Amino acid sequence: MKVKIELFGAARDFNDQNLLELDLGQKTTIKDIRNKIIQYVDQKFNGNENYKKIINSSAFCSEKNNIVSDNYKITNNEKIGIIPPIGGG
């Protein structure tokens, strides 16, 4: 199944289109998506550790704009957002 990942904040650096499209198996969870994005960063950005930290500390939201946990199951062709933490100074 195809899942679109909307990129917000610092995650927008992952792709020029502010969106990633992933092909995932059935019964995929947010944890699986998190791992798939880390694999993408490993391949495209030579394992950029800062990007991995962003992915691991980010929240994810459903199409209904609800924050979802790592065990949230994705439905077919669902759009998910990745929301990195916002730092200030």
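Just going by the charge dipole of the chain, with Lys and Arg at +1 and Asp and Glu at -1 on Cβ, which of Ala11, Ile83, Asn46 is farthest out on the positive end? Selected residue: Ile83.
By the count of neighbouring beta-carbon atoms within 10 Å, fewest first, Lys64, Lys31, Lys2, Lys36 end up ordered Lys64, Lys2, Lys31, Lys36. For Asn66, project a label point 7 Å along Cα to C-beta. Then give me every residue of region 29-58 with its amide nitrogen under 13 Å of that point. Hits in region 29-58 for Asn66 at 13 Å: none.
Of the residues Val3, Val68, the one with the fewest other Cβ atoms within 10 Å heads the list, and the complete ranking is Val68, Val3.
Under 13 Å Cα-Cα from Lys4, which aspartates and glutamates qualify once same-chain neighbours fewer than 8 residues away are excluded? The qualifying aspartates and glutamates are Glu21, Asp23, Glu63, Glu78. Stretching the chain fully between Ile38 and Gln26 yields a gain of 2.4 nm (0.36 nm per residue, less the alpha carbon separation). Relative contact order of region 11-89: 34 percent, from C-alpha pairs under 8 Å at least 6 residues apart in sequence.
Taking the inverse of the mean 1/r over every pair of distinct Cα atoms in region 7-83 gives a Kirkwood hydrodynamic radius of 12.6 Å. Counting only lysines at least 8 places from Lys52 when in the same chain, those with an alpha carbon closer than 16 Å to its own are Lys31, Lys36, Lys44.
Beta-bridge orientation, the chain: approximately 75 percent antiparallel, per DSSP, counting only bridges with both partners inside.
Rounded to the nearest 20, the Cβ-based charge dipole of region 7-83 about its Cα centre (Lys and Arg +1, Asp and Glu -1) stands at 220 debye.
Values in this text are rule-based calculations from the coordinates and carry no lab data. These numbers were taken from a predicted model, which means no experiment stands behind them. Neighbour counts run over all protein chains shown; Cβ positions are idealised from the backbone, glycine included.
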